[in-house]
Every structure is written in C-alpha cells, then in structure tokens.
Amino acid sequence: MQFRDLLKDTLATLWAHKRRTLLTMFGIAWGIVSITVMVAAGEGLGEGIKRNQETFGKDVMIVFAGRTSMQAGGTRAGRAVRWGEEDYLDVAKESPACKYVMPELGNEVQVHSAFNSGAISTVGSLPPFTEIRSIDVAEGRFYNNEDNVQARNVAFLGSDTRKQLFAEREALGQSISLNGTPYTVIGVMKSKEQNSSYDGADTRKIFIPFNSMRRDFPNKPPAIEHTVDRLLVAPWSLETHPDCVKQVRKSLARLHNFDPRDKEAAGIWDTIKNAQANRMIIVGMEIFMGAVGIATLFLGGLGVMNVMLVSVRERTREIGVRMALGATRKSILRQFFAETIFVMALSGGAGLFLSYGFCALVNLLPMPLFFAGLLTSWKIGALSVALLSLIAVLSAVYPANRAASVDPIEALRFEAGG
C-alpha cells in the first residue's frame, strides 16, 4: 500500500467516526496544554521570585555584628561585637574566595535642596555597591574610586529622593545640604520594585562615597565611633560561596577575638542561600505540576488505545475481507499504527498551538510582583513532543497487533454471525 492510499484510508476511517476521534483528540490536546501551562507557570514563578530578589541584591551576603554566644580567647559570652571602619581591608586580603568585601555605613541626615527638605537615610560604601545591590543609573553616574579616595562631596539620589527634593526639576549638578555640608548631585538611580531590605528602600536614600560618609556622618554615641553598620560580601561564583563564608568568619573572628563557629557574633543574611532554597521549592512545584500534566497525557493515551481496540472489533469483517484478498499482516499493522499516530500528532500539534497561544496572551497582562508570566521555551515543547511520541507508540502497538492477528476466516464468520 502506497503512502497516499494509506493516508486516504486513515482519513476516511477517522472521519467516519469523527465524534469519537474528536473526543480522543481533546484528551490528548488537554494533556499537552496541561504540561506546557503548568511547567510554564512554574518557570514564571521561579523567574519572578529570582528577579524580585535581585532588586535587593545579586549574590550578596550582609554580615552584621552581634553578640558572642561562645567563650573564646578568655573572653565571656554575650560580649558585643562591632565592625571597625578598616576591617574590610583585612577581611578582603584574607578572603580570596570573595570578589568583594565592602563596608556600609548609614545614618539619617537632614537634607535641604532649593525646593524641599527632609530627614533622609544616607549611605556610604564603595563603588561596586551598585553591582551587588542592583542599583541602576537613570541619569548621570554613580560615584567612582577617585571620588572615594578624595572623599569628594558628591551625592547619588534614589529615585524617590529625587522627586522629594526636586520634583520634576533638573537634579544633576544641583547642590544639596547634608547636615549643613554642601554636596553636588552627580546621578539619579533608576526606579525599582524592592520587596526586602535591612534599612529601607534604596529609592528613598542618598548614596555618597564611604570616605565622605565616615568623615561627615560617622556613627556617634551611643554607637561606637569608627565603626560601620555591616559588611557587604560577594563571592566570585556560586562554587566559591562556601569558602567565602568560612574565610570571612575566620578573618572577623581573628580581628574581634571570637570563635569562627559563633554565628551570633557574625550574623549573615545570605541571599545566595535564600535563592537556592527558593529554587528548590520552585523545582518541586514544577515537578509536581509536570507530573500532573504527564498523568493527564497518559490518560489520553489510554483513551486512544481503547478507541483503537474498539475500532479493531468494529472493523473485524473489514480486516478479514482485506486479508482474504491478499492484504498482509504488515499492511494491516501499518494501517492501524498510522491511524493512531495521526490522531496523536494532530491533537498534539493543536495542544502545543493552544498552550503557547494561551501563554502569549496571558503574558500581555500586567503581572504580580513575584510572577514573571507563563514562560515557555523550546525545552518545554521538546519535552511535550517526546512524551507524546512515546505515548503514541505505546498506544499504537497493541491495537495494531490485535488487528494484524485477526484470522480472516474467523473474522468473516464472526461478523456474519453477528
């Protein structure tokens, strides 16, 4: 039998039982849609959480000073620990697994512009602060190493701070007063959605060089002088992250005479660990939702198999006549196999088209903060096609073998007797 004849017979048979065929195709298409949309939803949720986390900082650890909970070097437990202004230099030297070790000092400052004023959180750190804390520049520039070395009076404004001090007016190059000290605005940050922080939203801050900060706005009593609030640490990569943590703890423990294992003395807000934990949760959700979709697809495959088995029974006489006229087992096998594959391919293609179209339409809508949309990819499509192909073969083999095994004499007698 030529392919053209085979296709013609297949279409004629399916059309003769179009209601049954459409119901079967619906089951398969629904399985494909389930897999694609569920996995895409899991990907969108994971990406949304990741993006939201990165608005605070990317692969950053915030190291806070606390109180010792263990005795060390003859000192009692419960002793307060504070990071010194110069600690970051020693820690950076002793922590080769860390890309950045930076101080951060922040205090509330009375700020005046020519148009408005207010008490605004002012933060001093080093230039790489923009990289690890996800600070993007909308206008002008962030302060650089030369600004920090020379302790220049330059300021970078958060997007909300700019509106507070200048409204819609030009801010770049303008002079503002910080506790009576004049500073020049050199840049404005791009607005961002930030869901977490340890000292307020970045959009409502002013950023100045660290050396300017500790000169003009240092910690004052009751805080200890010449101290910083925290250290910002970033590893070179995820692989160096564990070593970076150990090296930082060991270095700080040496500088401040506490046990390196004492997590209360040096508390770490680790965004990398948080991201990994969240990713494990998302992967678990994706596996669960994908399993539901696969189960639906296999149920659709069982439906196809049942339909084809019923078709074999209904067409027993037809099979007997064809075999009596010389049709081979191979041609009968090919006929039923082709019908099954055709149904699976057509319904699978329809399912992919509907699911990708649905995802595209949903992604046109505004998304919640923690959801990046229904994210499809070629991997999801490839997974769906691979599963569909497997199920198609499994669904086709048994009915096709049953049809090819029909004895023509018994088939004619069975049908005639019916």
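With a cut-off of at most 15 other beta carbons within 10 Å, and DSSP calling the residue loop, which trypsin sites (Lys or Arg not before Pro) in the stretch 89-186 qualify? Please list them.
Numbers: sites: Lys93, Lys99, Arg133, Arg141, Arg152, Arg162, Lys163, Arg169; in loops: Arg133, Arg141, Arg152, Arg169.
Passing sites in the stretch 89-186 are Arg141, Arg169.
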Under the rule rounded for a/c under 1.5, else prolate if a/b exceeds b/c, else oblate, using alpha carbon gyration tensor axes a ≥ b ≥ c, the stretch 201-256 is classed as oblate
Order by accessible surface, 1.4 Å probe, largest leading, for residues His112, His241 comes to His112, His241
With all protein chains present, the stretch 175-221 has a carbon and sulfur share of its accessible area (1.4 Å probe) in percent of 45 percent
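Skip the ligands, DNA and RNA, and give the accessible area per residue of the stretch 39-187 with a 1.4 Å probe, whole Å².
Result: 43 Å² per residue.
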In the structure shown, of Lys99/Lys190; Lys220/Lys263; Lys192/Lys379, the pairs separated by more than 29 angstrom at the C-alpha atoms are Lys192/Lys379
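Got a sec? What order do Met344, Met70 fall in by accessible area at 1.4 Å, biggest, i.e. largest, first? Working shown, then result.
On the way: Met344 5, Met70 60 Å².
The most accessible residue leads, giving Met70, Met344.
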Listed by chain and number, the lysines with an alpha carbon less than 16 angstrom from that of Lys18, same-chain partners under 8 positions apart left out, are Lys8
Under a 1.4 Å probe, counting only protein heavy atoms, Val393 has an accessible area in Å², nearest 10, of 70 Å²
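The values are calculated or read from the model by the stated rules, or taken from the named source; none is laboratory data. Keep in mind that what you see is a predicted model, and the values were worked out from it rather than measured. Here Cβ is always computed from backbone atoms with ideal geometry, including for glycine, and neighbour counts include all displayed protein chains. Protein only, heavy atoms only, side chains kept; ligands, DNA and RNA dropped before computing areas. Shrake-Rupley method; radii C 1.70, N 1.55, O 1.52, S 1.80 Å.
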